[in-house]
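No value in this document is a laboratory result; all are computed from the given coordinates. From a predicted model like this one, the values you see are computed outputs, not experimental measurements. No Cβ is skipped: glycine too gets one built from the backbone with ideal geometry, and neighbour counts run over all protein chains shown.
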Amino acid sequence: MALSPSKLIKLGSSFDGFCLKCRQVSKWLPGSLTTLLNMDSLRARQAGDPILRAEAETVDITTIHSPEFKGMVERMFKVMRRAKGHGIAAPQIGVGLRVFAIEFTGQHIKTLKDKGLSDKDIKRMGIALVPPRVFINPELRIIDSTLLAFREACLSVEGFSAVVPRAKEIEITALDREARPVTWRTSGWPARIVQHEVDHLKGNLYIDCMLYKSFMKNDWRDYTRK
Ligand SMILES: [Zn+2]
């Protein structure tokens with residue numbers, strides 16, 4: 001059962017920083033999502049697309065149980081998994097809503113190890129498995145502001161990566177895909193993914209806060225060979 005807006009506002013009063021009234025509630029109705037999902041591809045939108053630079057809108061919670069909203073979430077997972085990403089925000093599939101998804105699997109760890117990361121590196125980065133999770137209308141709180149700097153990439157800046165400083169530990173308050181309120185405190189790599197995705201909802205990309213000189217094309221070495 002969907003929570004009514006009035007119930008959510010009451011719940012929201014107990015959440016730190018959760019303010020439904022101060023944000024514009026979505027004009028994205030299920031019908032417009034259908035049109036978009038029918039025409040869009042399974043590729044993430046790329047830097048330069050204005051939707052990646054706009055502030056996403058708060059989801060009207062009465063739409064969360066609609067088939068169209070569920071279709072949008074499925075599309076997000078499809079695009080993320082196809083690109084082997086760790087997280088994705090709705091604007092990356094062309095929908096300006098405050099929704100993101102995250103997933104970190106054993107296959108992701110294997111891929112990192114194949115690229116040369118050691119168990120020690122993985123521990124240092126705070127990498128941990130995360131089952132598929134969806135966060136709707138998220139609010140982020142920094143718990144430990146110690147900055148950890150690691151290399152990250154983005155499905156919307158395909159082929160590049162850079163070192164980005166991020167807070168060590170965060171807490172996120174949101175609704176899950178069943179419209180239930182959730183609070184998740186996490187650190188290390190999952191905290192990094194969450195901060196990256198929440199940035200997307202504000203129209204920010206990692207290139208805005210990266211250590212600029214670390215920016216690189218991932219296959220730059222290929223250009224040094226004849
Ligand atoms: Zn991204």
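Being basic (Lys, Arg) and in a helix (DSSP H, G or I) is the filter here, so list the residues in segment 182-215 that pass it. Arg192, Lys213, listed by residue number. The condition of being in contact with an Asp or Glu (Cβ under 8 Å, 6 or more places away or on another chain) and over 13 Å from Ile88 (Cα atoms) holds for only one of Ala162, Ala179, that being Ala162. Just a yes or no: is a residue in segment 57-72 within 14 Å of the ligand (Cβ to nearest atom) and touching a Phe, Trp or Tyr at 6+ places or on another chain (Cβ under 9 Å)? No, the conditions are met nowhere in segment 57-72. For the residues Glu139, Glu169, Glu103, the requirement of being under 13 Å from the mean Cα position of the chain (by Cα), under 26 Å from Thr183 (Cβ atoms), more than 15 Å from the ligand (Cβ to nearest atom) and part of a strand (DSSP E or B) singles out Glu139. Output the residues belonging to segment 142-159 that are surrounded by fewer than 17 Cβ atoms within 10 Å (Cβ to Cβ) and either within 11 Å of the ligand (Cβ to nearest atom) or charged (D, E, K, R) (or both). The answer is Asp144, Arg151, Glu158. Which number in (1) over 21 Å from Ile172 (Cβ atoms); (2) without any contact (Cβ under 8 Å) to a residue 60 or more places away in the chain; (3) surrounded by fewer than 18 Cβ atoms within 10 Å (Cβ to Cβ) marks the one condition that Phe77 misses? Phe77 satisfies all of (1) over 21 Å from Ile172 (Cβ atoms); (2) without any contact (Cβ under 8 Å) to a residue 60 or more places away in the chain; (3) surrounded by fewer than 18 Cβ atoms within 10 Å (Cβ to Cβ) except (1). If you go through segment 49-72 and keep only what is among the hydroxyl-bearing types (Ser, Thr, Tyr) and in a helix (DSSP H, G or I), you end up with Thr62, Thr63. Taking segment 84-112 as the range and being touching a helix residue (DSSP H, G or I) at 6+ places or on another chain (Cβ under 7 Å) and among the β-branched types (Val, Ile, Thr) as the test, the residues that pass are Ile88, Ile93, Val95, Val99, Ile102, Ile109. For segment 106-136, taking the residues that are part of a helix (DSSP H, G or I) and of a type in the set (S, T, N, Q), the one that is nearest to the ligand (Cβ to nearest atom) is identified as Thr111. A count restricted to segment 175-212 and to residues that are under 26 Å from Pro50 (Cβ atoms), away from the ligand (no atom under 16 Å from the Cβ) and in contact with a Ser or Thr (Cβ under 8 Å, 6 or more places away or on another chain) stands at 0.
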